[in-house]
Amino acid sequence: MARIVVASYVACYPVGGFLSWTLNWVLGFRRLGHDVWLVEKSGSWRNGCYDVRSGTMGDDCTYGFSAVEDLMARHGLRNRFCFVNWEGKYFGLTRERTRGLFESADLFVDLSGAVVHPVDETWRREAADVKLCVCVDGEPGYTQMKMEMLAGQGLPLSEYDRYYTVGGNLGTARCAAPTAGKQWRPTFDPVVPELFPLLPPPSDAPYTTVMAWQSHKPIVFGGQTYGQKDVEFVRFEHLPRLTSAPLEIAVAGTEVPREHLRELGWRVRDSHAVTATYDAFVDYIRSSRGEFTVCKNVFVATNTGWFSDRSAAYLASGRPVVMQETGFSNHLPCGCGLFAVRTAEEAVAAIEVIQGDFVRHSRAAREIAVEYLSAPRVLGKMLRELGL
């Protein structure tokens, strides 16, 4: 049994999808029999905590900390979370207890994106004596571009022993993104299938997704501008007029053209309202027939092979997924339960195929989650590669 410390970004943004993503990593390691702990720092940004109840950013981490603590406790992980706010105040585990965990840890897994943050805001000092430190990149293409830009400015970056990415094509001839001089090993965000019970969808359930219109500003690299989902959604915005299947997006963002999308036939809901908690997120997927989703422009344009942890949850729930191609079809079986599409016409064709035999595609979706994305397979493979 290894002692594993996982760093994430979740109490600062405690919406259902982030809670689910983090839980599947932490619980996945625990299900493999390891001693797992979760840590998080808010960094130096004073107003870096999102309060789901008010929809505002502030310096009070109480709601986010409690949301994470409660969810961990529900799954046998009580009192295994440390949160450090912008003032350096510790919540949950004490500073001394946290230091002891790092000193005795066999593995530090950083999911927080700290590789592109100033080193003084990371767990770099605490993790200095950990036997093995691993970075897991969830934003392939964007992360490496940002790393190269920061290095070009002479700014220090956090260093790790191994680098993983959910961009399966990164570092290969298939992918146009840089590597920032690192060797990136491919992985998936793991899913614990037991968290997503197989239940039939309501008869009138729509195809849905949960998304941010713009997660962050576009990035300019090598003379090219790479954007977010707002750029790619335009390619598919007429989809409701091409199919009789109901389509819905739960979307966040201040620039979302909600009325325009409704006029085109989309059902539009606020993602923070419908997936405010972990249970609401799971229920939203359960109330869906499947997922149709576009991807961030940076993933599509560079063909990183990115695949979504949210889509993994849909698959585990027996909900077929129609997802914009990022190159992930090189690593996951497509054509039954999961479809990679480049155009609205291809998306319509995939939806119609699913509609023609939903039970078959639902079963295939679950099988893909179990065979390719389940925590035992994904995290077991990672730990074997790391020699643990």
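The numbers here are math on the coordinates, done by the rules we state, and not lab data. Everything numeric here is computed off the predicted structure, so don't read it as measured data. Note that we place each Cβ from the backbone using ideal geometry, even for glycine, and neighbour counts take in every protein chain shown.
If you take all other residues with their beta carbon under 15 Å from the beta carbon of Val130, and give Lys and Arg +1 and Asp and Glu -1, the sum is -2.
Just in the range 173-282: which GluC sites (Glu not before Pro) are loop by DSSP and have at most 15 other Cβ atoms within 10 Å? Don't skip to the answer; put the middle values down first.
Numbers: sites: Glu194, Glu232, Glu237, Glu248, Glu255, Glu259, Glu263; in loops: Glu237, Glu255.
Answer in residue order: Glu255.
Straight Cα distances below 17 angstrom link Lys229 to the aspartates and glutamates Glu139, Glu237, Glu248, Glu255, Asp270, Glu291, Asp309, Glu325, with same-chain residues fewer than 8 positions distant left out.
Average 1/r across all pairs of distinct alpha carbons in the chain, invert it, and you get the Kirkwood radius: 21.3 Å. Judged by the gyration tensor of its Cα atoms, with axes a ≥ b ≥ c, the range 189-284 is oblate; a/c meets the 1.5 cut and b/c is at least as large as a/b. Of the GluC sites (Glu not before Pro) found in the range 77-172, those that fall in a DSSP loop while having at most 12 other beta-carbon atoms within 10 Å are Glu87, Glu159. What's the longest bit of the chain with no exposed trypsin sites (Lys or Arg not before Pro), using DSSP loop states and at most 14 other Cβ atoms within 10 Å as the test? No qualifying site falls inside 175-341, the longest such stretch. How much of the pair distance distribution for the range 90-240 lies past 20 Å, counting alpha-carbon pairs only, in percent? When every Cα pair of the range 90-240 is considered, 63 percent fall beyond 20 Å.
In degrees, nearest 10, range 0 to 90: what is the angle between the Cα axis of helix 62-74 and the longest Cα principal axis of the chain? That helix lies at roughly 80 degrees to the long axis.
Return the FRET efficiency for the residue pair Lys89, Val268: r is the Cβ-Cβ distance, R0 is 30 Å, and the value is rounded to the nearest 0.05. Given R0 = 30 Å and the Cβ-Cβ separation, E is 0.15.
Under 1.5 on a/c is rounded, so check that first for the range 244-289, then, if it is not, pick prolate when a/b is larger than b/c and oblate when it is not; a ≥ b ≥ c are the square roots of the alpha carbon gyration tensor eigenvalues. Oblate, since a/c reaches 1.5 and b/c is not below a/b.
Karplus-derived 3J(HN,Hα) values for the range 75-86, using 6.51 cos²θ - 1.76 cosθ + 1.60 with θ = phi - 60°, are 10, x, 10, 5, 6, 10, 10, 10, 10, 10, 7, 5 Hz; glycine and proline are entered as x. The angle between the Cα long axis of helix 344-356 and the longest principal axis of the Cα atoms of the chain comes to about 80 degrees, rounded to the nearest 10.
How many percent of DSSP beta bridges within the chain run antiparallel, rounded to 5? The partial results should precede the final answer.
Numbers: 10 of 51 bridges.
Approximately 20 percent, going by the DSSP bridge assignments.
Working note: 222 nm ellipticity from helices only, DSSP H runs with n ≥ 4, each -39,500 (n - 2.57), summed and divided by the residues of the chain, gives -9000 deg cm²/dmol to the nearest 500.
Apply the Debye scattering formula to the range 194-372, with a single equal point scatterer on each alpha-carbon and no solvent, then give log10 I(q)/I(0) at q = 0.15, 0.18 Å⁻¹. Debye curve over Cα of the range 194-372, log10 I(q)/I(0) at q = 0.15, 0.18 Å⁻¹: -0.83, -1.23.
State, to one decimal in nm², a quarter of the convex hull surface area for the C-alpha atoms of the range 27-90, i.e. the direction-averaged projected area.
Details: hull surface 18.7 nm².
Averaging across all directions leaves 4.7 nm² for the Cα convex hull.
Cross-link candidates for Lys89: which lysines have Cα within less than 23 Å, leaving aside residues fewer than 8 places away along the same chain? Answer for Lys89, where 23 Å is the Cα cut-off: Lys41, listed by chain and number.
Helix 142-152: angle to the longest alpha-carbon principal axis of the chain, degrees 0 to 90, nearest 10? So the inclination is approximately 40 degrees. For the pair the range 95-131 / the range 292-323, the C-alpha centres are spaced 30 Å from each other. Taking only the C-alpha atoms of the range 176-241, the Rg (one decimal) and the largest Cα-Cα distance, Dmax (whole number), read 18.1, 51 Å.
Overall size of the range 230-332 from C-alpha positions, given as principal axis extents largest first: 36, 30, 29 Å.
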